[in-house]
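Laboratory data are not the source of any read-out in this text; all were calculated from the coordinates shown. Note that the coordinates shown come from a computational prediction; the quantities given were computed from them, not determined experimentally. Here Cβ is always computed from backbone atoms with ideal geometry, including for glycine, and neighbour counts include all displayed protein chains.
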Amino acid sequence: MDFLTFIENQKVVLLDGAIGTELDKRGLMRRGSVNLDAPDAVLEIQKQYVQSGCHALTTNTLTMNRIYIKTHNLGVSIEQVNRAGAEIARKAAGDNCYVLGNLSSTGQLLEPYGDRTESEFEDTYTEQATILTEAGVDAFIIETMIDLREALCALRACKKLAGLPVIVSIAFATEQKGGRTVMGNTAQDCAKQLEDTGADIVGANCGELDPYQMASIVSLLRSATKLPILAQPNAGKPRLEAEKTIFDMEPDDFAQGISVCINAGAKIVGGCCGTTPDHIRAVRRLLDQDCQ
């Protein structure tokens, strides 16, 4: 069964939680490059998410595009790091989960705020999406995007390829004033333009919101589109403590926040920064209780 058909047949679809903050706990700050030099750590985390009851895993390839790798001097092969990310996720998923190829920001700004062009961004995302497609992902998830224009570049790139479903998830800085990204994009504009450009699922993740605040964004998205809505909040609002970003919402409270997002219209849910297998397990318990 393809991923979109699966979504249609489920009341709620559960994705995994954070990879980056779980790697940080293990002292592996390099994120994507660990696919090559510490693959067992990534595999361990993703297996724990499968055991927690999620329906889909996200590849550990968040910013592994050519522009980000080059401007951050990561010194990894784009093909190797993305292919490895897909292969590790597939190994962890087995026959139990779908695998979503993960794309995110280049870390640069488009003209006139920066010196990058939309065609340059689109070519960069096309390269990454092609590698992930060839590695056998079931769908794409473009996430943690703060600039709608950049998200549209990534979406166009993914839609040019093998006809795989594409989720596009935006990071919102506030739920006020129609929901806003740091670039000023409203939730309604995001939903409408993403739908018009061919997104199969739209949603929100990360940002400055806790799960309860994200429910307001879900409502705004729901009012602007008939597409399925994704909600992947952090484990609470981020706060700085001793120069370290802390997310300290407990799993059961997080699950209750996810319940509010579902009631607001979310069809696909999961976790972002600070969430763990325990958070996803708590959401799965809640979903199972609702089905009884």
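Observations, loosely collected:
- Under 5 Å, built H, 5+ apart or other chain: amide partners of Leu103: Ile141, Ile142, Glu143
- Over the chain, all Cα pairs binned in 5 Å intervals from 0 give whole-percent P(r) values of 1, 6, 13, 18, 21, 19, 14, 7, 2, 0, 0, listed from short to long.
- A dipole drawn for the chain from +1 and -1 charges on Cβ atoms has a positive end, and of Ala162, Gly265, Ser77 the residue lying farthest that way is Gly265.
- A prolate overall shape is assigned to the range 17-57, the ratio a/c of its alpha-carbon gyration tensor axes (a ≥ b ≥ c) being 1.5 or greater and a/b exceeding b/c.
- Across the range 112-121, computed HN-Hα scalar couplings (Karplus, 6.51 cos²θ - 1.76 cosθ + 1.60, θ = phi - 60°) run x, 7, x, 10, 9, 9, 5, 5, 5, 4 Hz from first to last residue, x flagging Gly and Pro.
- FRET efficiency estimate (nearest 0.05) - Cβ-Cβ, Asp115 to Gln256, R0 35 angstrom: 0.20
- Packing, taken as the mean count of other beta carbons within 10 Å per residue, orders the peptides 187-199, 103-115 from highest to lowest as 187-199, 103-115.
- Rounded to the nearest 20 debye, the dipole size of the range 3-291 about its Cα centre is 200 debye, using +1 on the Cβ of Lys and Arg and -1 on the Cβ of Asp and Glu.
- Inter-centroid distance (Cα atoms) of the range 82-102 relative to the range 187-260, Å: 24 Å
- Between the range 1-73 and the range 268-292, the Cα center-to-center distance that results, in Å: 16 Å
- Viscosity 0.890 mPa s, 25 °C: Kirkwood-radius Stokes-Einstein D of the range 171-266 over Cα pairs, µm²/s: 182 µm²/s
- Overall form of the range 1-154: oblate. Here a/c, set by the Cα gyration tensor axes a ≥ b ≥ c, is 1.5 or more, and a/b is not larger than b/c.
- Note on the chain: helix-only mean residue ellipticity at 222 nm, from DSSP H runs of 4+ residues weighted -39500 (n - 2.57) and normalised by residue number, equals -14000 deg cm²/dmol.
- Bridging of Lys160 to aspartates and glutamates at a Cα separation below 17 Å is possible for Glu118, Glu120, Glu122, Asp123, Glu127, Glu134, Asp138, Glu150, Glu195, Asp196, Asp200, once same-chain residues fewer than 8 apart are set aside.
- Working note: Karplus 6.51/-1.76/1.60 with θ = phi - 60° gives the range 79-93 the couplings 5, 5, 6, 6, 4, 5, x, 5, 5, 5, 4, 5, 5, 5, 5 Hz, where Gly and Pro are set to x.
- With the simple spin-label model, which puts each label point 7 Å out from Cα in the Cβ direction, the Lys11 to Gln80 separation comes to 4.7 nm.
- Computed lengthening from Glu241 to Arg26, 0.36 nm per intervening residue step minus Cα-Cα distance: 75.5 nm
- For Thr58, the amide hydrogen comes within under 5 Å of the amide hydrogens of Asp16, Leu100, counting only partners 5 or more places away or on other chains and with H modelled in the peptide plane.
- The range 179-292, dipole about Cα centre (Lys/Arg Cβ +1, Asp/Glu Cβ -1), debye to the nearest 20: 260 debye
- 18 Å Cα-Cα reach of Lys226 towards lysines, excluding residues that sit fewer than 8 places from it in its own chain: Lys11, Lys192, Lys267
- About the centre of its Cα atoms, the range 113-202 shows a dipole size close to 280 debye [charges on the beta carbon of Lys, Arg (+1) and Asp, Glu (-1) only; nearest 20 debye].
- The aspartates and glutamates whose alpha-carbon is closer than 14 Å to the alpha-carbon of Lys237, local same-chain residues fewer than 8 away aside, are Glu175, Glu208, Asp210, Asp248, Glu250, Asp253.
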